[in-house]
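No value in this document is a laboratory result; all are computed from the given coordinates. Computed from a predicted structure; not experimentally measured. With ideal geometry, Cβ positions are generated from the backbone for all residues, glycine too; neighbour counts draw on all protein chains shown.
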Amino acid sequence: MRLNWPDRSVTVLMGFMLVLAFSGTAVAQSRLEQGQAAYERRDFRTAFAILSELATGGNAEAQNLVGTMYENGEGTELDSTAAAEWYEKAAEQGHAEAELNLGVLYENGEGVPQSNEQAAKWYLQAARNGSLLGQYSIGLMYRQGRGVERDDKKAAYWLSKIAEKGFAVAQVNLALMYLAGEGVPADPAKAVELFRKAAERGHPVAQNNLGLLYRDGRGVPKDETLAVGYFESAATQGLANAQLNLAQMIESGSGVPQSFLEAARWYRKAADQGEVAAQYKIGIMYRDGLGVRQDRDKARAWLELAAKNGNGEAKAALDGL
């Protein structure tokens, strides 16, 4: 039996077309790299000229970058609507970063009507396509019930995926869920483990929460000295609640030598940031001259501020001032 082979002219033509396609792809990739390099060196006009041409041709990476440039006003006018349009073109091709970016615009109502539902839709797509920020964002949406029905199990699922990769803020949120037993079995020891990982990365909320756990002996043996250390780490980063907690430990001499002077210093820092309990405490210290020069006018000012912010103890203290 004689086999029928394709006409040689057809074979040659197909080969030629494949060469052209490969050549075109190589040229497009080279142009994309040129555009990316121009963007990295902040030559935005050159970058925009190159990338917008590629984006018009359907290149998803270029479409996402053009969207970014419109969003930031880099090499072109600032135009959130145009940014959303380009992000959507790339997102429809499954570009994870564009899906995330489009979700952010919908969440903030920039360039598109504000819609938590649309934000959640695109965050979920980005998460499924491997975007770490997409996984975190949809985890929060499920946790808070924004744009989707609240589902702590789904929240824990997505937050755990990114927490495993060392994302500190996800570790903090997941730790809080383990403490409360929401979406996962209650497990204070697991919460401590996650807080510790985030604290080691310098996350102040994790440090403060670890301080609370060590102070109260929850999930760990009670250790006021360690608690003070964690509070101080977070307080020096400017976390107001940690400054309040540290001041309370110093004032009472728990885990650290007592010092009204140091306590007043940290109360004042926290009070300046709006920590209501600290506003009350610094008012009392000015009233009684503890760690500061006695000053009833300053005492009244701080107590009035604390009372205005809803502190009942401050209202009672004002009556006797």
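Would you mind working out the magnitude of the charge dipole of segment 274-321 relative to its Cα centre, with +1 at each Lys and Arg C-beta and -1 at each Asp and Glu C-beta, to the nearest 20 Debye?
On the way: 8 positive and 7 negative charges, 17 e Å.
That gives a dipole near 80 debye.
Computed on segment 106-194, the Cα convex hull volume stands at 79 Å³ per residue. For P(r) over Cα pairs in 20 Å bins from 0, in percent, pick the label among [x] 32, 62, 7; [y] 24, 38, 28, 7, 3, 0; [z] 32, 50, 13, 4, 1 that corresponds to the value derived from the coordinates. Read-out from the structure maps to [y]. Karplus-derived 3J(HN,Hα) values for segment 168-179, using 6.51 cos²θ - 1.76 cosθ + 1.60 with θ = phi - 60°, are 4, 5, 6, 4, 5, 5, 5, 4, 4, 5, 5, 5 Hz; glycine and proline are entered as x. Between the helical axis of 276-288 and the longest alpha-carbon principal axis of the chain there is an angle of about 30 degrees.
Which whole-number percent gives the relative contact order of segment 68-116, counting Cα pairs below 8 Å spaced six or more residues apart? Computed over segment 68-116, the figure is 27 percent. Close lysine pairs were tallied over the chain: pairs 8 or more places apart or on different chains with Cα atoms under 26 Å apart number 28. When peptides 292-304, 47-59 are ranked by their average number of other Cβ atoms within 10 Å per residue, the highest-first order is 47-59, 292-304.
Of the listed peptides 146-153, 127-134, what is their order by residue-averaged count of other C-beta atoms within 10 Å, with the highest listed first?
Highest mean packing first, the order is 127-134, 146-153.
Could you give the angle, 0 to 90 degrees to the nearest 10, between helix 188-200's Cα long axis and the longest principal axis of the Cα atoms of the chain? Taking Cα atoms only, the helix is inclined about 80 degrees. Couplings 3J(HN,Hα) for segment 121-138, derived from phi with the Karplus relation 6.51 cos²θ - 1.76 cosθ + 1.60 (θ = phi - 60°), are 4, 6, 4, 5, 4, 4, 4, 5, 8, x, 6, 5, 5, x, 5, 5, 5, 6 Hz, where x marks Gly and Pro.
Between the helical axis of 240-252 and the longest alpha-carbon principal axis of the chain there is an angle of about 30 degrees.
Comparing mean-square fluctuations of K308, K197, K121 from a GNM of the chain with C-alpha springs under 10 Å, the top value falls on K308.
Between beta-carbons, use under 12 Å as the cut-off and find the net charge around N241, counting Lys and Arg +1, Asp and Glu -1. Mind showing how you got there, number by number?
Working: positive: K269; negative: E275.
Value of the local net charge: 0.
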